[in-house]
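One structure is given here, and the rest of the page talks about it.
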Amino acid sequence: MVVRASQPALTVSRAGPSDAALVLSARAGERWAQEALFRRHAMMANNLAHRLLLSDSDLDDLVQDSFIAAFESLDRLVDPQAFASWLCSIIVRTAHKRLRRKRLLERLGLLRPSPVDLDVLATRSTPPDVATELRKLYAVVQRLPAEERVVLLLRRVEGLTVGEIAEQLGRSPATVKRRLERAHAKLERDGGKS
Amino acid sequence: MSATNLQGALKARLNEPRLARQWARIATRLDAPRMRLRWPVLALGLALVGAVAALLWVRGGASESATAWDGAVLETEGAGSAVLLGDGSRIELYSQTKLSVHTSDGETRLTLQRGGASFDVTHAEGRSFRVSLGSVDVKVVGTRFSVREVQLPSGARHVEVAVARGLVEASSGASVARLGPGQSWSVPFKAVESTTVAMKPPPAPAAALSPSAAPPAPEREEPAAAGSAAPASPRSQDTPAPPSADAKQLFETANRARAAGNASGAAEGYRALLDQYPRDPRAALAAFELGRLQMDRLGQPAQAISSLRRAVASSSGGGFREDAMARLVTAHAATGARAACLRARGAYLKQYPNGVHRTTVQAQCGASGLP
């Protein structure tokens, strides 16, 4: 999979070894380089995972699984400098799988749905209009199937284009567009009820 | 409502202990698959040793002498393996290697049919130890060296001899060269018996590396015409230090040793590169790797300081300079030199106020020294 590092919100640039240099060392099994990559991208990874899951209890597992998946498949990363974007796509896909499994367990009655309390999860400095928008969005998102939930969040919260979402999820733009339309329709229909 | 506003409102609650916990779990889980992988390697090694032992037992009982290995064929597949001969000599076979052993009174002859191996040979009075690969024949009297077949990008095959300890006299046609510790030599692979390498008894190192002993210009890793006896020459301490195939070879050999867990062998290689090619572009990274080994594996924090200082001084700009500076703080802390530790810490934090290692560095040199 070739990924672009085109998302301003997800690209990190700072002093120190470049991501490419760290990826090359990490590929050789250098633990210090893996840790440096983790340290550098942990904040971004945690925040993205948090917005997709909205569950603090599942956050650590998702972040750890994603970094491990990334380190174990570094050889497949075509452009070492695009590590951040690549990691994001792994987080998105891993979150998607976890949400799908969670939804299935809920339907089977093996897991109780846990309501999202945005007042707890949102930062204290969130302006009232943003908090209202988030409550409306996540009230609907919680009821959406996993795939619609992920595409809607990537579009509305992460601000990705249809093409970028398709790339992150490894789906065609047409599939993403269909899911997005369905999710938007539900948002329009149910958004006012929350 | 813009996506940026929504993103800013939803941030994970993070702190250093939580990140440290996440990393600790990741590191633990990354180690787990390797542990699973070690078993097949161990099993292969045990199977190899077992097979050899069984062969020897069938042939008349295992013996402590190297003679008991006569006729044994050692073969590795995906992983390397090591065997210890009765006289204490150790052979580390690389992967995809086939080596046959022939011994008689006064001589142990090892024939590499493919691959390569490193040898740590115990000196035994009156016993000769020879290793051959293609046309190359190495006569040993107590040293540590490796012989392997190398395929260049052009497809040309070479035989490479690298010496870690002792002294080597190499010859190919009219060219004669002496190799000291850290030096290596390669010649085009030939099946004919025209090239020999003789290992001399371990002499004073200075004699081994004297300018008068220096051979002609170093051989480049360029494709050689098949069958030609290209003049072979070793690297010398007097050789100028532009980027060279020799420095690259030294660096790669050291990297391989490090990856194989041979810390002291890797350190020797990095040291040799630094001594012989101080201005090579790889020298800074070699100094950094040497420093890391000295700190983490060899328990030599004082020596690590010297290596890391060299790495910091040599690495311009990005790369691993930040890592080297952070390591330097840790190395000073390990030696208990608090003043030096504080200076190194101050230098790191000044240069990398938001550096990757900021938290680790700030925790060094004692709590009272924190800014």
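Quick notes
Quick grid of which residues meet (1) within 11 Å of chain A (Cβ to nearest Cβ); (2) in a helix (DSSP H, G or I):
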{"site": "B:Arg279", "(1), (2)": "no, no"}
{"site": "B:Leu285", "(1), (2)": "yes, yes"}
{"site": "B:Leu290", "(1), (2)": "no, yes"}
{"site": "B:Arg310", "(1), (2)": "no, yes"}
{"site": "B:Met325", "(1), (2)": "yes, yes"}
{"site": "B:Val329", "(1), (2)": "no, yes"}
{"site": "B:Ala334", "(1), (2)": "no, yes"}
{"site": "B:Ala340", "(1), (2)": "no, yes"}
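- Single match in B:Arg220, B:Arg256, B:Arg292 (criterion: in contact with a helix residue (DSSP H, G or I) (Cβ under 9 Å, 6 or more places away or on another chain) and modelled with pLDDT under 75): B:Arg220
- The set of residues in segment A:147-190 that are without any contact (Cβ under 8 Å) to a residue 40 or more places away in the chain and not in a helix (DSSP H, G or I) comprises A:Thr161, A:Arg171, A:Ser172.
- Of the candidates A:Asp75, A:Asp60, A:Asp119, the single residue that is modelled with pLDDT of 80 or more, more than 26 Å from A:Arg179 (Cβ to Cβ), out of contact with any Lys or Arg (no Cβ under 6 Å at 6 or more places or on another chain) and exposed (fewer than 14 other Cβ atoms within 10 Å of the Cβ) is A:Asp75.
- Evaluation of A:Leu144 against the conditions (1) part of a helix (DSSP H, G or I); (2) of a type outside the set (Phe, Trp, Tyr); (3) modelled with pLDDT of 80 or more shows that the sole unmet condition is (1).
- Flag for A:Glu106 being in a helix (DSSP H, G or I), at pLDDT below 90 and under 19 Å from the mean Cα position of the chain (by Cα): no
- Residue, nearest to B:Leu6 (Cα to Cα), within segment A:21-48, restricted to residues that are more than 7 Å from every other protein chain (Cβ to nearest Cβ), surrounded by 20 or more Cβ atoms within 10 Å (Cβ to Cβ) and of a type in the set (A, V, I, L, M): A:Leu48
- Odd one out for A:Ala174 among (1) under 25 Å from A:Glu106 (Cβ atoms); (2) more than 14 Å from chain B (Cβ to nearest Cβ); (3) among the hydrophobic types (A, V, I, L, M, F, W, C); (4) surrounded by fewer than 22 Cβ atoms within 10 Å (Cβ to Cβ): (1)
- Options B:Ala263, B:Ala304, B:Ala287, B:Ala311; residue that is closer than 27 Å to B:Glu92 by Cα, in contact with a Lys or Arg (Cβ under 9 Å, 6 or more places away or on another chain) and surrounded by 24 or more Cβ atoms within 10 Å (Cβ to Cβ): B:Ala287
- Of the numbered criteria (1) at pLDDT 70 or above; (2) touching a Ser or Thr at 6+ places or on another chain (Cβ under 7 Å); (3) crowded, with 16+ Cβ neighbours inside 10 Å, the one B:Gln183 fails is (2).
The values are calculated or read from the model by the stated rules, or taken from the named source; none is laboratory data. Model, not experiment: these values are computed from the prediction. Virtual Cβ from ideal backbone geometry, glycine too; neighbours counted across all protein chains shown.
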